[in-house]
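The values are calculated or read from the model by the stated rules, or taken from the named source; none is laboratory data. In this text the structure is predicted, and so the values were computed from the model without any measurement. Ideal geometry is used to build each Cβ from the backbone, glycine not excepted, and the neighbour counts take in all protein chains shown. To get the accessible areas, we keep the full protein, side chains included, count just its heavy atoms, and leave off ligands, DNA and RNA. Shrake-Rupley method; radii C 1.70, N 1.55, O 1.52, S 1.80 Å.
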Amino acid sequence: MSMPRTDYAAWAAERSAPRLTDWLRETSEPDWSAVVNHPLFDALAEGSLPGEAFADYMVQDYGFVDPFTALLGHAIGHAPGMADRVVLGQFVGMLTSDENSVFQRTFETFGVPETDRNAPEYLPATASFQQLLRETGASESYAQMLAVLVVTEWLYLGWATRITRGEILHPLYDEWVGLHDSQAFQTFVAWLRRRLEEIAETLDETEFARMVERFHETVARERAFHDAVYSG
Ligand SMILES: Cc1ncc(CN)c(N)n1
């Protein structure tokens, strides 16, 4: 039987500054790197992604953002105290203002029909990601919620800091990258990783194993989502 905490301890024993989130990321390969290096993000950064393809991606991604915002609400409710609620609450503030506005202006700019804005047909990969986000919210486990947040936000920081932005980029593409490589976003991801590592120390074997499973499952969903929205 697999014992994730024992596996982590064995991995950590061979390193001088081991971090649980580095182990989680490493054990998520090859899915992790497939998302960070996804051709969608290269096309976006080079400016070769057609507006229609960007809009299609954003329609599906708005289907992610809705239950994702609800998951953050669960995380705020299940956090151990005000310090965490403040950080998560500020992130929700950004998500529901600046980030929401990028979606709305993308729909407007690229003429996305009303039905695709309000009740689109979700791809199976989007629907399974939505299910994972809802299940995690219903789990009442703050550790699992943090595991999902670390994956979704750290992966986006990963591609956004990997790519080189083209000189003449559509302002909406530029804003989308800017939301995910800013100093504020880097600080938020660093905070998420630290909190997951701290909370993980308080988990029993079963909870730790569930958190690890949730992390890996989320990375797999991210890969399936991006493969489904853009095949290059
Ligand atoms: C699918 C997905 N994963 C992560 C993110 C970054 N919040 C996003 N917008 N979409």
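Ranked from the most accessible area to the least, with a 1.4 Å probe and all protein chains present, what is the order of Leu44, Leu169?
Leu169, Leu44
In square angstrom, rounded to the nearest 10, how much accessible surface does Glu14 have for a 1.4 Å probe?
The accessible area of Glu14 comes to roughly 150 Å².
Want the number for Asn100 to Ala184: 0.36 nm per residue separation, take away the alpha-carbon distance, what's left?
In short, 28.5 nm is gained.
Report, to the nearest whole %, how much of the accessible area of the chain belongs to carbon and sulfur atoms, 1.4 Å probe, protein only.
51 percent
Express in whole angstrom the spacing between the alpha-carbon centres of region 102-149 and region 1-70.
Using only Cα atoms, the two centres lie 16 Å from each other.
Picking from Ala17, Ala138, Ala34, which is most flexible by a Gaussian network model of the chain using Cα springs under 10 Å?
Residue with maximal mean-square fluctuation among Ala17, Ala138, Ala34: Ala17.
Leaving out ligands and nucleic acids, note down the accessible area per residue over the chain with a 1.4 angstrom probe, in whole Å².
Value for the chain: 46 Å² per residue.
Give the Debye-formula value of log10 I(q)/I(0) at each listed q (0.10, 0.15 Å⁻¹), with one equal scatterer per alpha carbon of the chain, two decimals each.
Each listed q maps to, in turn, -0.46, -1.04.
Take Ile76, Ile168, Ile163 and sort them by solvent-accessible surface of the protein heavy atoms, 1.4 Å probe, largest at the top.
The ordering from most to least exposed comes out as Ile168, Ile76, Ile163.
What length, rounded to one decimal in nm, is gained on full extension from Arg134 through to Arg194, with 0.36 nm per residue of separation minus their alpha-carbon distance?
19.2 nm
Can you pull the one-decimal nm distance between simple spin-label points at Ser33 and Thr164, each 7 Å off the Cα toward Cβ?
2.1 nm
Which order do you get for Arg193, Arg134, Arg25 if you rank them by accessible area with a 1.4 Å probe, largest at the top?
Greatest to least solvent exposure: Arg134, Arg25, Arg193.
Once fully extended, how much extra length lies between Glu121 and Thr202, figured as 0.36 nm per residue of separation less the alpha-carbon to alpha-carbon distance?
Residue separation times 0.36 nm, minus the Cα-Cα distance, leaves 25.1 nm.
Answer with one residue from Ala34, His78, Tyr122: the one whose Cα lies farthest towards the positive end of the charge dipole of region 31-229, charges on Cβ with Lys, Arg +1 and Asp, Glu -1.
Result: His78, furthest along the dipole toward the positive end.
Taking 8 Å as the Cα distance limit and 6 or more residues as the minimum spacing, I'd like the relative contact order of the chain as a percentage.
Averaging sequence separation for qualifying contacts and normalising by length gives 37 percent for the chain.
Once ligands and nucleic acids are excluded and a 1.4 Å probe is used, how much of Met82 is accessible, expressed in Å² to the nearest 10?
Accessible area of Met82: about 130 Å².
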